[in-house]
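Contents: one structure, followed by commentary.
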Amino acid sequence: MASRVFLLLSLTALLIFSAVSPSLSADVDDEEDLSFLEDLTEEVKAPAKPLTDDFEGGEDDDDEEEDGEHFSDVSNQDSDPFPLSDVDEKDVVVVKERNFTDVIENNEYVMVEFYAPWRGHCQSLAPEYAAAATELKGDGVVLAKIDATVENELAHQYSVQGFPTILFFVDGEHKLYTGGRTKETIVTWVKKKIGPSVYNLTTLDDAEKVLTSGNKVVLGYLNSLVGVEHDQLAAASKAEDDVNFYQTVNPDVAKMFHIDPESKRPALVLVKREEEKISHFDGEFVKSGLVSFVSANKLPLVTVFTPESSQEIFESAIKKQLLLFATENGSEKVLQEFEEAATLFKGKLIFVSVDVDNEDYGKPVAEYFGVSSSNAPKLVAFTGNEDPQKHYFEGEIKSDKIKIFGEEFLSDKLKPFYKSDPIPEKNDGDVKIVVGDNFDEIVLDESKDVLLEVYAPWCGHCQALEPMYNKLAKHLRSIDSVVIAKMDGTTNEHPKAKAEGFPTVLFFPAGNKTSSEPITVDADRTVVAFYKFLRKHATIPFKLEKPAASTESPTAAESTPKVETTETKGKLESTTTKSTESDSKDEL
C-alpha cells in the first residue's frame, strides 16, 4: 500500500514539475505578451493563409494563383488560354448549388467536372469533355460542370483541391475519375463503369468499325464467350480504363485483327494507331499476365510529348522516363537510335521525345530540364513527379550506349543532378541564402533548428511574405540555435526541399535531419504565428523576453529582448543565457 502511495505522489510531482518547467516544454503560454514582435514599423503583413499555395494564375498578381515549377504542368499555358469560342457545349449541363441535388438524384449516371475558368488544363479539356457528353448522351450518362470558383460550398463539400477535378456519380454515390482527358479516354472509362467490361465481336462489320475507330483496343480470341477465359479477360479489362477490350470466337474476326485463325486459343492482340501497331500476347492467359502485357505495350515505343500525350505519360504505372530533347531539323538519325533502344525497355521505361523548337509545349519542358536548341540533342533520365530526380547522359547518343544508360537508371546506379546557383561570397544577413551546393552545410546542420522558405522570384505571394520573413529573422538574430533561411526554388534543387508550390516553408528540427523529413509549415503569415511555431517545434528550446520600456523618451529606442536559450552539444545538456544590446536602428 505504501509503495502505491509513493508512486502516486511521485507521478503527481513529475506532472507539476513538467507543467512549470520551461526546459521541459517549449509551448508558448497563451497569456504571453508577444505584441512586441509586431512593433517593427517596416512590416507589411501578408494575408493569413497556409504557406503551401500551389499558385497557377496571372503573373505577379496576388489575387490570382501562380504555377509551381513541375514537369507535369509544363504544358499548361495558362498565360495564353486555349480559345473556347468554338466549343459546342450544348450537351454539358451547367450545375450550381441550387440544382445540384436534382441533377444527381434524377439521373443514374452523372459525371461532374469541378473547374476554374482561368485554368489552362480546364480550357484544354473543354472541347474533349463536350464531345464526350454528346457521345455518352445516348447511353443515359449526364456530363455536367461546376465553376468551383463560384460554387465554393460544393467544392469544399467534395474536397476539391485542384482543377479540373472530375467525379463520377452512380445512383448518388461518387468516385474519383481516374481516366485521361480526351474524348476517347473519357468515353471508354465511363462505358466500362456502366456496361460490360468486355464486348462481343461477332460480325465482320462490327470488327471493321472497331478497327477504324482510332482507339487502342484489345481482342481476345477465345474458345467460348463465357467461362474461365472470359473471366480472366474481364478482370484484366477492369484494370485498364483507357483501353477497350473485345472478345470473339469467330475465326474471320480474329484474322481481321492479325490473329492466325488456326492458332491455339485463347490468343490475344493489342492494336493501336502508332507505328508499332500490332502486339501479340504470348504469356499465360491470366489477369496478371494480361494486365502487364497491356500496360507495357499500350504506349508507343517513343511517345512524342504533347499536351494530350502528357496525360498518358504521367498517369502511367511506369514512372521512370527517358527523354530525348532534339530539334526538328537533323534529329532523324538520333531518333532512330532512341527508338531502337526503346524496344529493349518495353514495360520498364517510358521513352519520350521532345521537340525543343516547339514554342507551345516543347520549349517549356526543355527549359525545365535546362536544355535549349544550342545543346540539343540531349538525353535525360527522369524519375517522375512523385520523387523527381534528373540524370544527364554524356556522350554520343547511340542505341548501345542508351541501353547501358537505361539499365543503370533502372538499377538506381546513376547519380542524380540538382541545380544550384553559385554559393554567395557573403552570407551574413539575418536571412541566410541557401543554394543547392550549400544546402547540406546550412540546412542540414544538426546543431541548428532551421526554417527554410522555398520561393520563386516572380511569385507575388513570395514577395508579400518577404517583409514579414525578414522581420522574423531580425527578431531571432541573437538566437544562435535558430537559422532563418530562403532558397530560390526555380534555380536550386535538393532532395530534402520538395516544394508543392511557391512559397513553401519547411522546418528542419535539429538533431535528426538525415533520417527524417522536414515539417511543412502551415502557420499564418505573421511574425507571431511563426514564432509560436518555432517555439513549439524547435529541438533546442528558446524564448524572447519582452524588452523593457525606455525611460529616456516615449520614442526612444528600446533594447533588444532578453534571450533565454538552451544550447546543445552532444546530448543538449548545457544551458546558457544571453543578453545583447542593439543600435537604435535595429530597435524592436
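The values are calculated or read from the model by the stated rules, or taken from the named source; none is laboratory data. This is a predicted model, so every value here is computed, not measured. Cβ: placed from backbone, ideal geometry, glycine included. Neighbour counts: every protein chain shown. With ligands, DNA and RNA removed, areas are computed over all heavy atoms of the protein, side chains included. Shrake-Rupley method; radii C 1.70, N 1.55, O 1.52, S 1.80 Å.
Once backbone amide H atoms are built at 1.01 Å from N, LYS390 has PHE417 as its partners under 5 Å, excluding neighbours fewer than 5 places away on the same chain. Maximal additional length on extending the SER224-ASP412 stretch stands at 63.2 nm, based on 0.36 nm per residue less the C-alpha distance.
Of all DSSP-defined beta bridges confined to the stretch 303-411, some 50% are antiparallel rather than parallel. Legend: calculated FRET efficiency, GLN157 to ASP360, from the Cβ-Cβ distance at R0 = 51 Å, rounded to 0.05, equals 0.90. Between amide H atoms placed 1.01 Å from N, distances below 5 Å from VAL450 occur with VAL483, PHE508, ALA510, all of them 5 or more places distant or on a separate chain.
Converting the Cα gyration tensor eigenvalues of the stretch 196-296 into ellipsoid dimensions via √(5λ) gives semi-axes, longest first, of 17, 16, 13 Å.
May I ask for the percentage of alpha-carbon pairs in the stretch 219-371 that lie more than 28 Å from each other? Of all Cα-Cα distances in the stretch 219-371, 31 percent exceed 28 Å.
The HN-Hα couplings worked out from phi for the stretch 399-405 by the Karplus form 6.51 cos²θ - 1.76 cosθ + 1.60 (θ = phi - 60°) are 4, 5, 6, 4, 4, 5, 4 Hz, whole numbers, x standing for Gly and Pro. Taking +1 at the Cβ of each Lys and Arg and -1 at the Cβ of each Asp and Glu, which of ALA234, ILE259, PHE169 sits farthest along the dipole of the stretch 136-267 towards its positive end, judged by Cα position relative to the Cα centre? Comparing the listed Cα positions along the dipole, ILE259 ranks first.
Using 0.36 nm per residue of separation minus the Cα-Cα distance, give me the extension gain between THR178 and ASN329 in nm, one decimal. Mind showing how you got there, number by number?
Numbers: separation 151, 0.36 × 151 = 54.36 nm, distance 3.72 nm.
50.6 nm is the gain from fully extending THR178 to ASN329.
Quick check on the stretch 93-192: take the gyration tensor over C-alpha atoms, sort the square-rooted eigenvalues as a ≥ b ≥ c, and tell me if it's rounded (a/c under 1.5), prolate or oblate. It is oblate, given that a/c is not under 1.5 and a/b is not larger than b/c.
Just the number please: accessible area per residue for the stretch 257-347, 1.4 Å probe, all protein chains included, in Å².
Values: 4580 Å² over 91 residues.
Result: 50 Å² of accessible area for each residue.
Of all beta bridges that DSSP places with both ends in the stretch 93-192, some 55 percent have antiparallel geometry. Annotation: amide H of THR303 within the under-5 Å range of PHE351, VAL352, SER353, sequence separation 5 or more or interchain, hydrogens built in the peptide plane.
If TYR361, TYR368 are ordered by their accessible area, calculated over protein heavy atoms with a 1.4 Å probe, which sequence runs from highest to lowest? Show your work: numbers first, answer last.
Working: TYR361 55, TYR368 25 Å².
Result of the area sort, largest leading: TYR361, TYR368.
Count Lys and Arg as plus one, Asp and Glu as minus one, and take only other residues whose Cβ is under 14 Å from that of GLU328; the net charge is then -3. Length, then width, then depth: along the principal axes, the Cα atoms of the stretch 432-537 run 34, 29, 21 Å.
Extending 7 Å from Cα along the Cβ direction at ALA239 and again at GLU425 yields two label points whose distance is 6.1 nm. Of LYS346/LYS390; LYS426/LYS486; LYS320/LYS415; LYS419/LYS448; LYS426/LYS513, which sit over 19 Å apart, Cα to Cα? Result: LYS346/LYS390; LYS419/LYS448; LYS426/LYS513 exceed 19 Å.
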